[in-house]
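Written below as C-alpha cells is the structure these notes are about.
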Amino acid sequence: MPAAYQALVQKWGNSCPAINPALLAAQLYQESGFNPKAQSHAAAQGIAQFIPGTWATHGIDGDGDGDRDVWDPADAIPSAAMYDCSLASYVKDVGGDLTENMLASYNAGAYAVIKYGGVPPYKETQNYVKRIRALEESFAAPVGRVDPSRQAAGAISYAQSKLGTLYLWGGNGTPEQGGRFDCSGLTKAAYESVGITLPRVANDQYNAGPHPSREELLPGDLVFFSDDLTNSRAIRHVGIYVGGGYMIDAPRTNAVIRFDPVDTPDYFGATRVTEDGAKALPTTV
C-alpha cells in the first residue's frame, strides 16, 4: 500500500480486537483503491468512502489539527478504524467471529447481525465479508510458507505457448490484436486459462493473493516491478515466475514475450494467486 498511509494504518489498525492493520488496509483498498479523492455516485467520499451522514456521526480529528476532514487520510483512516470498532461494540455479544460480524454490520447494519445471530443470509453481505477477509491475506505479512497455487502449472504452460509473440501495448491476445499482449494482458490471460479472473492492470493484480518473499518464490507466482518500491499502486510491470530466477513476461514495445531475470533493482515483490484472492478484488479500483 502507499507508504504515506502505512504508519496510519499500522497505528489505527490496532484500535480494537475486531480489526488489525491488514484488515483496515483491505477495507481502504476495497472502498477507494487508496485514493483520497475518491467520490462515488452515492456521495461516499474520500479514502474510506464515508457518506456524509456517517461522517457527521463517526468522523474524528485523527491528526489533532482542529478539524474533521473526510478528504484528509489523516482524519479518514483513523475514523474508519474507530467506526469499525464502534460497529464491533454493537455486536460484541453476538455469537461467531467478531471481525466477520463487524464487517457484516458495516455492510448490512448491526441490527441485521443481531437479528440473525451472526452474518445475515444476504448474498451481498456474505460476499462482502468474504472479499475483505481474502484481501486481508494480501495485506498481511506471511507468517509461514505460502502454499503454491494449484493452477500455477497451467498458467505457466499458457505463457510458454506465447513465447516469441510480439508485444502490444493494451494487448489482450484477441484475434483482432493478432494474439498479442502487454505484460498484464499476458498474466491475465494465463490465469484465465485455468479459470481465475484477474484485474486488467498490474497494480491491481498484485492483491490477488498473499505475498511470498523472494526466497519463497515458486513457479506460477506473479512478480512485479516498480520505480517506487514503497507503493504498490505505482507498479508498472508484471511477469510469471518460472523458477531459477527467471520469469516469462511481455517486456515492452518492439520486444517479444520471452524469459527475463527477476533480480533487477526495480523488483517490487510477488503474489501467489488464489481463486478467493482474485475474486475479492474490486472492479472499480
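Take the cross-link list K11/K123; K37/K92; K162/K279; K92/K123; K123/K162; K11/K37 and give me the ones stretching past 27 Å between alpha-carbons. K11/K123; K37/K92; K123/K162, as the Cα separations exceed 27 Å there. Put a dot 7 Å past the Cα of D228, heading toward its Cβ, do the same for A153, and the two dots end up 4.0 nm apart.
Heavy-atom accessible area for T230, with the other protein chains in place and a 1.4 Å probe, reaches approximately 70 Å².
Of the listed residues H41, H211, the order by accessible area with a 1.4 Å probe, largest first, is H41, H211. Computed 3J(HN,Hα) for region 118-133, one whole-Hz value per residue from the Karplus formula 6.51 cos²θ - 1.76 cosθ + 1.60 where θ = phi - 60°, is x, 4, x, x, 9, 4, 4, 5, 4, 5, 5, 4, 5, 4, 5, 5, glycine and proline marked x.
Rounded to the nearest whole Hz, the Karplus-based 3J(HN,Hα) values (6.51 cos²θ - 1.76 cosθ + 1.60, θ = phi - 60°) of region 85-100 follow the sequence 5, 5, 4, 4, 5, 5, 10, 5, 9, 7, x, x, 7, 4, 5, 5, with x at glycine and proline. Tell me, what is the FRET efficiency for Q39 and E124 to the nearest 0.05, using R0 = 30 angstrom and their Cβ-Cβ distance as r? So the FRET efficiency works out to roughly 0.90.
Rounded to the nearest 10 degrees, the angle from helix 21-32 to the longest Cα principal axis of the chain is 80 degrees. Taking a ≥ b ≥ c as the square roots of the Cα gyration tensor eigenvalues, with a/c under 1.5 meaning rounded and otherwise prolate when a/b beats b/c, else oblate, which class fits region 1-92? Rounded, because the longest to shortest axis ratio a/c is under 1.5.
I need the trypsin sites (Lys or Arg not before Pro) found in region 76-164, filtered to DSSP loop residues with at most 16 other beta carbons within 10 Å of theirs. Display every interim value, and only then the final one.
Details: sites: K92, K115, K123, K130, R131, R133, R145, R150, K162; in loops: K92, R145, R150, K162.
Passing both the DSSP loop test and the Cβ count: K92, R145, R150.
Please work out which option in (i) 0.93; (ii) 0.96; (iii) 1.01 gives Rg/Rh (Cα atoms, Kirkwood Rh) calculated from these coordinates, and answer with its label. Here Rg/Rh (Cα atoms, Kirkwood Rh) agrees with entry (iii). Cysteines in the chain that lack a partner Cβ within the 4.7 Å cut-off: C183. Ligands, DNA and RNA excluded, the heavy atoms of T253 present near 90 Å² of accessible surface to a 1.4 Å solvent probe.
The simple spin-label model puts a point 7 Å past each Cα toward its Cβ; for L166 and D93 those points are separated by 7.1 nm. Stretching K115 away from W71 to a fully extended chain increases their span by 12.4 nm, per 0.36 nm per residue minus the current alpha-carbon distance. Among the trypsin sites (Lys or Arg not before Pro) found in region 185-253, those both in a DSSP coil and sparsely packed, with 16 or fewer other Cβ atoms within 10 Å of their Cβ, are R200, R252.
The values are calculated or read from the model by the stated rules, or taken from the named source; none is laboratory data. Just so it is clear, the structure is predicted and the values come from calculations on it, not from any experiment. Backbone-built Cβ (ideal geometry, glycine too); neighbour counts: all protein chains shown. Side chains are part of the model used for accessible areas, which takes the heavy atoms of the whole protein and leaves out ligands, DNA and RNA. Shrake-Rupley method; radii C 1.70, N 1.55, O 1.52, S 1.80 Å.
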